[in-house]
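Notes for the one structure printed next.
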Amino acid sequence: MKKIANEAELVVHALKVGEAYARKRGVGKFEATDSAKQKITYLYRLLVHDKLIQPLAKGQENEPNMRHKLALWMSRQLPEDHPLLK
């Protein structure tokens, strides 16, 4: 797994965008009491279900790999000149 520059910030941004996506889709929202791990898992599974990202291999579904997938997804959604991609 290749390290992405600004991966932590991309994941935070992905959670914000993902929450808006889930609300627009009408499938739920994040609560203030939800842990980061719960949010990451929920968003990862929602994006896989909607076929917006490719699922991880069996046995590879853990938090670091899900965070990496979300960071990759977010990096592909942002315009090329976005500050998080530099």
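Taking Lys and Arg as +1 and Asp and Glu as -1, the other residues whose beta-carbon sits under 13 Å from that of Ile40 total +1. The computed Cα extents along the principal axes in Å for the structure shown corresponds, within (1) 41, 20, 17; (2) 42, 22, 22; (3) 32, 29, 25, to (3). Annotation note: GluC sites (Glu not before Pro) in segment 23-86 located in DSSP loop regions with a Cβ neighbour count of at most 11 within 10 Å are Glu31, Glu80.
Measuring nothing but how far apart in sequence close Cα pairs (under 8 Å, 6+ apart) lie, relative to its length, the chain scores a relative contact order of 47 percent.
Every read-out reported here was derived from the displayed coordinates using simple, explicitly stated rules and does not represent laboratory data. Computed from a predicted structure; not experimentally measured. For neighbour counting, all protein chains shown are included, and Cβ atoms are generated from backbone atoms with ideal geometry for every residue, glycine included.
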